[in-house]
Structure formats: structure tokens, C-alpha cells
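A short worksheet on the structure shown next.
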Amino acid sequence: MNTAEYSTRILEELGRSLGAVGPAADALADAVLGARRVYVAGAGRSGLMLRAFAMRLMHLGLTSYVVGESVTPAIGAGDLLLIGSGSGETESLCCMARRCRALGAQLAVVTTNPKSAIAALAETVVAVPAPAKDAGGTASIQPMGSLFEQTLLLLLDSTALTLMERMGLTGEQMYGRHANLE
């Protein structure tokens, strides 16, 4: 196969994966809109996708933070922690999820494993039909967790569009919040 053929196959996989997510994606949008502040966390490439979502939330005028940054304040009641984890079992993220719940904050997770430790703690679970990097399940031509990570990015971008519509915002209004010191 050449690069163009791989690209076509990847797009087909993404279409199937995103198409199978279902109404839980709208529940995620509800959770974000209902939160005072949104915190995001993920490890590795999943974490990068969550960072992109935090930036988009800022563009929407919502208060968002990336867990682990030095300027991230304490989480508490009324806040939402959104975790992206293919396996739903990454130990550092499990610890965050337990701490989040102990502090009275809401928890949402996007994962390939709706029976995972993190999903068991979460009020909002979005299951993505894709293989986790260390598990079998849904077949993919891509290595490791690529299909999950790509689906996560597109799902969160779709969630941003849903939020944009619900909030009555335009892209132009959002662009007014874009970084301007670069």
C-alpha cells in the first residue's frame, strides 16, 4: 500500500469509530457546559489531544486548565475533570480520578474501555470503539493507540462545535480569544 491508500483506510476507520460513539458525546457537551471550570488530563498522545481541547474551550470563553501545569488551580465542587485514556487504567490517571471524586468534582472519561477503573468512577463515559495501545478488540491497520487518539481529537473538535452552537458563538468571536503574543 502507498501513503494515499493508507490515508483512505485511516479515514474509513475514523468514520466507523466516530459513527459508533453515539449520544454519550452529547452528554460530554452537557457536562462541559454544566461545569464551573474544566480540567483535562491524559498521558502521552491522548494528553496532547486533551490539551488541544482545553485550548478550544478557552477560545469558547470557558475556563479550562491542563492538569500538571504550574498555573492550574485546585479542583473542587462544580468543576469537571475530563480524562482521555485508551485503556482507562493508566495508574497516574486513576489516581487523579479518585482524587477528583474525593474532592467533590465531576468526572468524565473518553476511553476504549467502558468497564475500566476510571470509567467506574465517572459520571460521563464516552466509549470509543478503537483498540487501546496495549489491548486487542477493534481491529485497526494503525499501530498502538493511533485510532483512539485520532478519534479522541475529532470527537473533542466535534464537541467544541456542539458547544459553539449551543452557546451561539461564531468562529470570529472565538478568534478574538486567540493568543496574540506569538
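A Förster distance of 25 Å, applied to the separation of the beta-carbon atoms of R99 and L48, puts the FRET efficiency at 0.65. Residue separation of S70 and M167 scaled by 0.36 nm, minus their Cα-Cα distance, works out to 32.0 nm of gained length. Centre-to-centre, using Cα atoms only, the range 168-182 and the range 101-124 are separated by 31 Å.
Please give the per residue volume of the convex hull enclosing the alpha carbon atoms of the chain, rounded to a whole number of Å³.
So the per-residue Cα hull volume is 129 Å³.
Applying 1/(1 + (r/R0)^6) with R0 = 35 Å to the Cβ-Cβ distance of S7 and D30, what FRET efficiency is obtained, to the nearest 0.05?
So, using R0 = 35 Å, E works out to roughly 0.55.
Please list, in order, the residues from the range 1-18 whose amide nitrogen is less than 20 Å from a point placed 7 Å along the Cα→Cβ vector of D157. Those under the cut-off are 4-18.
Only helices enter the 222 nm calculation for the chain: every DSSP H run of n ≥ 4 contributes -39,500 (n - 2.57), and dividing by all residues gives -15000 deg cm²/dmol, rounded to 500. If only the Cβ of Lys and Arg carry +1 and only the Cβ of Asp and Glu carry -1, the dipole of the range 25-175 around its Cα centre is close to 280 debye.
Amide H contacts for Y65 (H built 1.01 Å from N in the peptide plane; partners 5 or more residues away or on another chain; cut-off under 5 Å): V38, Y39, V40.
Every number in this text was worked out from the coordinates using simple rules, so none of it is lab data. Since the model is a prediction, treat every value here as computed from it, not as a measurement. As a convention, Cβ positions derive from the backbone with ideal geometry for all residues, glycine included, and neighbour counts pool all protein chains shown.
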